[in-house]
Amino acid sequence: MHEITVLSGKGGTGKTTITGALAALAESVVICDNDVDAADLFLLLQPNIQQREPFISGNTASINTEACNQCGLCQSNCRFDAIQQTDKGYYHIDPFACEGCRLCERLCPQSAITSSKNDGNTWFMSDTRFGTFVHAQMGPGEENSGKLVSFIRKQAKETAAKNNAGYIINDGPPGIGCPVIASLSGTKQVLLVIEPTQSGWHDAERLIQLIRQFQIPVTAVINKAGLHEAMEQHIEEQLISHDIPLIAKIPYSQVFRQAMLNLQTIVEYAPDSEESQLIKKVWNTLAANKTQITN
Ligand code: SF4
Ligand code: SF4
């Protein structure tokens, strides 16, 4: 199977809208929402959840103050400054600073420290009208989204292999941080969705530098074209200088909003529209790239 990751650098570029439309066009696909910190592809795909499981993202330590003899060994060895002493001399662990390394638990001479598993995240395997959908929901205050992205991508790969699916399409997270890196490793090609604004290009350019480190083939679309012609021109010139093919310029259009209000992708809602034709062109290019990359 061939894995395509859709990324944007900046949030709000229309990446998820385009990902949903590409999933509608792919004949045999597993879809994976890598944007676990702010997952919203489910709104468009309306999944029928088949499997729901907790995801253990790590551990958090805590101190039993009755067993503790206040020797201070844990505090002096915690490299994350997660252990504090109160005015009354008690030691306690800040759960938001604790990285769950469990060193303090091993060092404590009184066995006063225990660790509990962080199980506030949930992942799902769902049916949709386009194919199997692997997605997740992070609990309040939970972290380690990169680890969760790697996990759900593994689930998507196993499912795609089992279903003999031709494609995995990943809706990637914004930014260039850990969840984006977790989305990139092992993917076969990246579609970059760029909004023609100063911040849209700024964030896309940072992302291009990151993708180059992975040596993954990249193509681009400008979404919301028509918002800022001078910026569009600048982006087109920059893409040429970065040797990144621009597949299409998709106009800023109310049809996307209408499609979303109908809980449909644009290729379902308005299949003959100019916007749908452009997204079909994008899909055909990605599919053609698959043949080239495979060969
Ligand atoms: S190492 Fe154990 S006994 Fe010593 S201060 Fe920490 S919790 Fe208390
Ligand atoms: S588990 Fe690690 S990070 Fe957390 S308090 Fe103990 S030593 Fe510090």
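Observations on the model:
- Flag if residue 179 is in the same structural domain as residue 22 (by TED's automatic domain parsing), buried (at least 22 other Cβ atoms within 10 Å of the Cβ) and out of contact with any strand residue (DSSP E or B) (no Cβ under 9 Å at 6 or more places or on another chain): yes
- Residues considered: 72, 12. Of these, the only one that is small (Gly, Ala, Ser) and either outside the structural domain of residue 271 (by TED's automatic domain parsing) or surrounded by 14 or more Cβ atoms within 10 Å (Cβ to Cβ) (or both) is 72.
- Residue match in the stretch 62-83 (condition: farther than 30 Å from residue 1 by Cα and either of a type in the set (Asp, Glu) or modelled with pLDDT under 95 (or both)): yes
- When residues of the stretch 25-40 are limited to those that are of a type in the set (A, V, I, L, M, F, W, C) and crowded, with 23+ Cβ neighbours inside 10 Å, the one farthest from ligand 2 (Cβ to nearest atom): 29
- From 194, 113, residue being at pLDDT 95 or above, under 22 Å from residue 247 (Cα atoms) and of a type in the set (Val, Ile, Thr): 194
- Verdict on residue 17 being among the hydroxyl-bearing types (Ser, Thr, Tyr) and assigned to a helix (DSSP H, G or I): yes
- Identification of strands (runs of 3 or more DSSP E) wholly contained in the stretch 54-123 with 2 or more residues that are within 30 Å of residue 156 (Cβ to Cβ), within 10 Å of ligand 2 (Cβ to nearest atom) and not small (Gly, Ala, Ser) yields 58-63.
- All positions within the stretch 257-278 that are touching a strand residue (DSSP E or B) at 6+ places or on another chain (Cβ under 7 Å) and aliphatic (A, V, I, L, M): 278
- Test: residue in the stretch 143-154 that is outside the structural domain of residue 263 (by TED's automatic domain parsing) and of a type in the set (Val, Ile, Thr): no
The values are calculated or read from the model by the stated rules, or taken from the named source; none is laboratory data. These numbers were taken from a predicted model, which means no experiment stands behind them. Here the Cβ is made from the backbone with ideal geometry for all residues, glycine too, and neighbour counts use every protein chain on show.
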